[in-house]
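Q: Quick one: the structure is below, and I'll ask about it shortly.
The values are calculated or read from the model by the stated rules, or taken from the named source; none is laboratory data. What you are looking at is a predicted structure, and each value in this text was computed from that prediction instead of being measured. Cβ atoms come from the backbone with ideal geometry, glycine included; neighbour counts cover every protein chain shown.
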Amino acid sequence: MSAFLLQARGRRSKLVQIYLSCGLGLSAPAQATSDDGQDTVAEIGATSQARPTEMPLAPLTIPEKPRLPKARRSELQAIDDFLQRLSSPSPEEREKAWSQIPDVPPQWLPGLAQTIDRLAERVDRKELKKLLSRARKQKRRQMREAGEGDQPTPDYLGVLLDLEDTQSNATRDLIQILGLSRLLVELDSTAAARELIRIYARFGEFLRIDTERQLNAMGDRSVAALIEARRHPAQKIAAWATKFLRERELLDPHAAIQIKDHQALHDILVALGRSRDLDSAPLLLSFASSQHALIRRGAREGLALLGRSASWKLKDAYLNITGRRAPRDWTWQRIARELFTEYDRLRLEKQWQLYEAGRTAVQENDWLKVSLIYGEILTTNPSFQKAHEFADPLYQAALFIRDQNPELARINLRRVERITTDPSLQARAQSLRFLLATRAAEKRGHPDLSRVREARQLDPKNPLLPANQIKSPATQTPSVFSSALSRYSLAIGSLLIALLGSVWIFYSSRRPVDD
């Protein structure tokens with residue numbers, strides 16, 4: 001009997017194992033294998049944590065490697081003309097070109113980069129080094145003779161422009177190279193700082209001191225380029241960038257981000273990700289929920305550049321903010337997107353609550369409430385993810401409240417024009433706004449018929465156009481056209497009477513008087 005029970009129990013355990021294995025096989029999620037930034041099958045099937053129903057998953061943007069576009073021929077010609085004037089034999093021409101350096105247009109940057117490469121291919125670096133050394137020694141000797149020996153050497157470009165002989169090939173080339181660096185400083189951007197560093201990399205050690213001076217003059221906008229240069233292909237440049245950041249006390253990422261310039265901070269956060277420094281991951285995570293859109297985007301792009309190597313940091317951050325562990329089948333891209341979405345949910349929690357309240361108000365046709373709720377969302381966050389859905393309700397609200405609150409109706413219509421993706425709705429909103437503005441001007445005694453014509457062209461079916469209004473003898477009010485026409489008629493009639501009176505007085509004064 002006992003043997004039979006043991007045998008039956010063994011068969012039952014085998015059946016249970018087969019059933020469980022089949023069940024696990026059916027329910028086990030597929031493992032994510034791709035790491036290219038796209039959602040995998042596993043990510044699509046994975047269950048995400050609770051968030052507002054209409055809230056989309058936050059995007060994950062991986063910035064491309066910085067590249068400048070090809071310069072236009074006209075820009076290259078303009079740069080060549082400027083450099084020729086800067087190295088001209090005429091002192092007046094050189095002085096005039098020097099004074100024009102602060103006016104460099106931003107679109108010259110690609111041309112400046114190409115000019116750097118063109119000069120680097122033809123100049124004699126040894127001769128340039130000797131020339132700069134002689135010019136520096138000569139200037140130092142003049143300063144000692146003038147009792148200014150304890151002062152730092154002035155700008156190298158100014159020293160060269162003061163030389164009596166500026167017509168040698170080496171002098172012209174060096175003036176033009178230094179002129180390019182001064183133009184880059186005036187552009188004051190991370191991209192321009194990258195080109196400044198390239199001047200040092202292309203021409204050599206004799207321009208290191210001048211390059212450091214110009215990077216210091218650029219200030220915060222040079223930090224991101226120096227952080228990126230720590231991974232320069234040339235070991236000498238990478239070591240120099242690290243040393244230079246240490247001298248400026250900016251080697252620590254926490255010190256580098258102590259700036260107020262939002263664009264520079266964005267570029268620094270992206271550069272930290274591009275430098276593949278995992279120690280900066282906690283810093284990037286702290287900025288990934290910033291209230292400033294530019295800073296927030298820079299931190300998230302930096303984390304995306306860190307990529308898979310920062311996955312455990314992303315998992316820890318997700319656990320800290322949600323209290324739950326990320327599912328094992330999520331790739332680092334999915335974890336990052338879920339984490340960013342959670343940041344957005346906490347940051348925009350009130351706005352999403354208002355969004356739901358606004359949808360309820362639309363269903364209840366409470367158009368004044370719709371105007372106030374959607375207006376508050378767009379005021380606090382003009383780039384709200386669902387802002388395009390507000391366009392039609394705000395237009396309907398403007399139609400409803402146009403008589404009771406015309407000013408709020410016009411504000412609604414301006415918002416519709418900005419957020420809508422429908423050209424016809426944009427035209428209808430602009431047409432209605434023109435007529436509401438004409439009404440307001442008419443009450444002040446200054447009607448504008450041109451706006452009425454524009455409104456008719458934009459939307460011939462506009463309900464405020466005179467021909468489209470319902471005419472009722474008891475409630476009909478004078479239209480814009482009739483009231484304006486009556487005013488114009490009165491003015492013309494008064495002018496005619498005045499002219500006739502003037503003619504009568506003129507002829508009566510010429511009539512002979514009888515004795």
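Q: Would you check if Ala336 is surrounded by 15 or more Cβ atoms within 10 Å (Cβ to Cβ), in a helix (DSSP H, G or I) and within 23 Å of the chain's Cα centre (by Cα)?
A: In short, yes.
To keep it simple, each residue is scored yes or no on (1) of a type in the set (Lys, Arg); (2) under 26 Å from Gln258 (Cα atoms).
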residue	(1), (2)
His292	no, yes
Gly298	no, yes
Leu303	no, yes
Leu306	no, yes
Leu319	no, no
Arg328	yes, no
Phe340	no, yes
Leu346	no, yes
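Q: So which residues in the stretch 205-242 are surrounded by fewer than 17 Cβ atoms within 10 Å (Cβ to Cβ), of a type in the set (Lys, Arg) and under 24 Å from Pro154 (Cα atoms), if there are any at all?
A: Arg208, Arg213
Q: Is it fair to say His266 is in the same structural domain as Ala192 (by TED's automatic domain parsing), touching a residue at least 12 places away in the same chain (Cβ under 8 Å) and either not small (Gly, Ala, Ser) or not in a helix (DSSP H, G or I) (or both)?
A: Considered against the rule, which asks whether it is in the same structural domain as Ala192 (by TED's automatic domain parsing), touching a residue at least 12 places away in the same chain (Cβ under 8 Å) and either not small (Gly, Ala, Ser) or not in a helix (DSSP H, G or I) (or both), His266 comes out as no.
Q: Out of curiosity, is Glu442 in the same structural domain as Glu364 (by TED's automatic domain parsing) and either modelled with pLDDT of 80 or more or on the phi > 0 side of the Ramachandran plot (or both)?
A: Spelling it out, it is not the case that Glu442 is in the same structural domain as Glu364 (by TED's automatic domain parsing) and either modelled with pLDDT of 80 or more or on the phi > 0 side of the Ramachandran plot (or both).
Q: Quick one: in the stretch 383-392, of everything that is touching a residue at least 24 places away in the same chain (Cβ under 8 Å) and surrounded by fewer than 21 Cβ atoms within 10 Å (Cβ to Cβ), which residue is farthest from Leu57 (Cα to Cα)?
A: If we take residues in the stretch 383-392 being touching a residue at least 24 places away in the same chain (Cβ under 8 Å) and surrounded by fewer than 21 Cβ atoms within 10 Å (Cβ to Cβ), then Asp392 is farthest from Leu57 (Cα to Cα).
Q: Filter the stretch 214-239 down to the residues that are more than 18 Å from Pro253 (Cα to Cα) and without any contact (Cβ under 8 Å) to a residue 12 or more places away in the chain and list them by number.
A: Pro233, Gln235, Lys236
Q: Testing Thr420 on (1) surrounded by fewer than 17 Cβ atoms within 10 Å (Cβ to Cβ); (2) at negative phi, one condition comes back false. Which one is that?
A: (1)
Q: Would you point out the residue of the stretch 97-115, among those that are surrounded by fewer than 17 Cβ atoms within 10 Å (Cβ to Cβ) and part of a loop (DSSP other than H, G, I, E, B), that is farthest from the chain's Cα centre (by Cα)?
A: Of everything passing the filter in the stretch 97-115, Gln100 is farthest from the chain's Cα centre (by Cα).
Q: Additional query: Restricting the stretch 385-411 to residues that are outside any helix (DSSP H, G or I) and polar (S, T, N, Q), which is farthest from Gly375 (Cα to Cα)?
A: That would be Gln404.
Q: Can you name every residue in the stretch 190-206 that is part of a helix (DSSP H, G or I), over 25 Å from Asp261 (Cβ atoms) and out of contact with any Ser or Thr (no Cβ under 8 Å at 6 or more places or on another chain)?
A: Selection gives Ala201, Arg202, Phe203, Glu205.
Q: Step by step: first the residues of the stretch 48-87, then only those that are of a type in the set (Gly, Ala, Ser), assigned to a loop (DSSP other than H, G, I, E, B) and at pLDDT 85 or above, then the one that is nearest to Ser189 (Cα to Cα). Which residue is that?
A: Per the criteria, the residue is Ala71.
Q: Okay, next question. Regarding the stretch 426-433, can at least one residue be identified that is within 30 Å of Ala58 (Cα to Cα) and either surrounded by fewer than 19 Cβ atoms within 10 Å (Cβ to Cβ) or free of Cβ contacts under 8 Å to residues at least 24 places away in the same chain (or both)?
A: Scanning the stretch 426-433, I find at least one residue that is within 30 Å of Ala58 (Cα to Cα) and either surrounded by fewer than 19 Cβ atoms within 10 Å (Cβ to Cβ) or free of Cβ contacts under 8 Å to residues at least 24 places away in the same chain (or both), so the answer is yes.
Q: Given the structure, is Arg451 modelled with pLDDT of 75 or more, among the basic types (Lys, Arg) and assigned to a helix (DSSP H, G or I)?
A: The answer is no for Arg451.
Q: Give the stretch 99-118 a look and list any residue that's of a type in the set (Gly, Ala, Ser) and without any contact (Cβ under 8 Å) to a residue 12 or more places away in the chain, or say none.
A: Matches in the stretch 99-118: Ser99 only.
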